[in-house]
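The values are calculated or read from the model by the stated rules, or taken from the named source; none is laboratory data. Since we're looking at a predicted model, the values are computed, not measured. Methodologically, a virtual Cβ is constructed for each residue, glycine included, from the backbone with ideal geometry; neighbour enumeration extends over all protein chains shown. In case anyone asks, the SASA skips ligands and DNA or RNA and just uses the protein heavy atoms, side chains included. Shrake-Rupley method; radii C 1.70, N 1.55, O 1.52, S 1.80 Å.
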Amino acid sequence: MIPPTGTASTNQRKGSTQKITVNRKNRIIVYGGAYSKSDNNTFLDASNNLQRMYKAKEGEKYNIYIREIKVKQDLIDLINRQPVNSIRSLDIFTHGGENSLYMVSVRQGDNNSSMNKYWWWRYFFNNQTFKTSDLKSFKSDVFTTNLKVEIHGCKTAENPKVANNLASNWSKNLYASGKTKFVVIGHTTNTSPLIHGPSTSPNEQSYMWLERAIYRNGKLQQLTKIKGFLNEEALTK
């Protein structure tokens with residue numbers, strides 16, 4: 001469990017110490033799930049960069065945690081063990097598709113099976129894909145009312161105006177649970193961390209560009225190609 005609070009000791013007078021509770025909501029950043037070591041390292045680089053960006057933008061306003069997820073149950077368990085009303089935002093760096101987050105139970109170099117090099121073997125026989133149907137596995141009370149979920153993988157908001165993709169369905173699921181001031185953000189196309197083109201350095205990598213769709217209650221609110229952070233406060237009013 002990631003604690004939403006901390007304590008600070010203060011010396012009000014010589015020889016005395018009093019503890020003050022500091023309440024902060026959590027920003028959780030998760031990465032991983034790919035077969036390729038290189039892909040998972042890229043997701044980690046982007047996660048670290050996002051954490052730095054949050055800190056530069058907000059200082060100590062929120063607790064900001066990065067956690068690795070290897071299979072879908074890691075994501076479900078991580079979310080469900082958080083305190084009630086503690087998660088202000090969730091950023092997910094995995095491979096994605098219109099209705100799924102693609103994760104596998106095998107990793108490059110894990111074993112000597114020659115079959116692991118074939119994508120069809122990994123994704124059809126060793127997959128741990130998180131599907132729209134898995135959304136019901138989350139405890140809704142761990143999220144704040146003004147939650148922001150941003151999925152940084154490919155095509156989780158594909159066909160945005162039809163609004164029958166992972167991002168839109170997640171937003172519908174959240175609204176039904178009483179989270180009325182939230183947004184779910186996903187990409188309508190394939191993504192790339194090279195936000196500044198081929199010259200992008202590892203400490204600049206970000207998936208916050210190309211077209212993103214913003215949903216609330218299963219309805220498309222906005223399509224945007226703005227680079228970097230969107231106006232979270234305005235989106236989650």
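Once the Cα-Cα distance is subtracted from the 0.36 nm per residue extended length, the SER114 to LYS181 segment shows a gain of 19.3 nm.
Could you tell me the calculated FRET efficiency between SER137 and VAL162, based on Cβ-Cβ distance and R0 = 35 angstrom, to the nearest 0.05? Using R0 = 35 Å, I get an efficiency of 0.90.
Taking the inverse of the average 1/r across all pairs of different Cα atoms in the stretch 113-237, what Kirkwood radius in Å do you get?
The Cα-based Kirkwood calculation yields 15.8 Å.
Each stretch of four or more DSSP H residues adds -39500 (n - 2.57); spread over every residue of the chain, this sum gives -6500 deg cm²/dmol at 222 nm. Derived scalar couplings between HN and Hα for the stretch 38-55 equal 4, 5, 5, 5, 5, 4, 5, 4, 5, 5, 4, 5, 5, 4, 5, 5, 4, 5 Hz in order, rounded to whole Hz, by the Karplus curve 6.51 cos²θ - 1.76 cosθ + 1.60 (θ = phi - 60°), x for Gly and Pro.
Taking 0.36 nm per residue of separation and subtracting the Cα-Cα distance, full extension of the segment from PHE124 to THR145 would add 3.9 nm.
Per residue, the accessible area of the chain comes to 49 Å², computed with a 1.4 Å probe over protein heavy atoms only.
Estimated from the Cβ-Cβ distance and a Förster radius of 30 angstrom, the FRET efficiency linking THR200 and ASN23 is about 0.20.
For a protection proxy built on the mean count of beta-carbon atoms within 10 angstrom, sort 58-71, 224-237 highest first, please.
Numbers: 58-71: 15.4, 224-237: 12.5.
Ranking the peptides 58-71, 224-237 by packing returns 58-71, 224-237.
Please compare each pair in LYS61/LYS179; LYS57/LYS117; LYS25/LYS117; LYS37/LYS61; LYS117/LYS161; LYS70/LYS139 to a cut-off of 30 Å on the Cα-Cα distance and tell me which ones are over it. In this structure, LYS57/LYS117; LYS25/LYS117; LYS37/LYS61; LYS117/LYS161 exceed 30 Å between Cα atoms.
Rolling a 1.4 angstrom probe over the stretch 26-234 with all protein chains present gives an accessible area of which 48% lies on carbon and sulfur atoms. Based on C-alpha pairs under 8 angstrom that are at least 6 apart in sequence, the chain has a relative contact order of 18 percent. Sorting the Cα pairs of the stretch 26-234 by distance into bins of 10 Å, from 0 upward, gives 9, 35, 39, 15, 2, 0 percent per bin.
Given charges of +1 on the Cβ of Lys and Arg and -1 on the Cβ of Asp and Glu, with all other atoms neutral, how large is the dipole of the chain about its Cα centre, in debye to the nearest 20? Write down the numbers at each step before the final one.
Values: 34 positive and 18 negative charges, 155 e Å.
Its charge dipole is roughly 740 debye.
Computed from backbone phi, the HN-Hα couplings of the stretch 27-36 come to 9, 10, 10, 10, 8, x, x, 7, 6, 7 Hz, rounded to whole numbers (Karplus: 6.51 cos²θ - 1.76 cosθ + 1.60, θ = phi - 60°; Gly and Pro given as x).
If you find the alpha carbon centre of the stretch 174-237 and of the stretch 68-99, how far apart are they in angstrom? Using only Cα atoms, the two centres lie 16 Å from each other.
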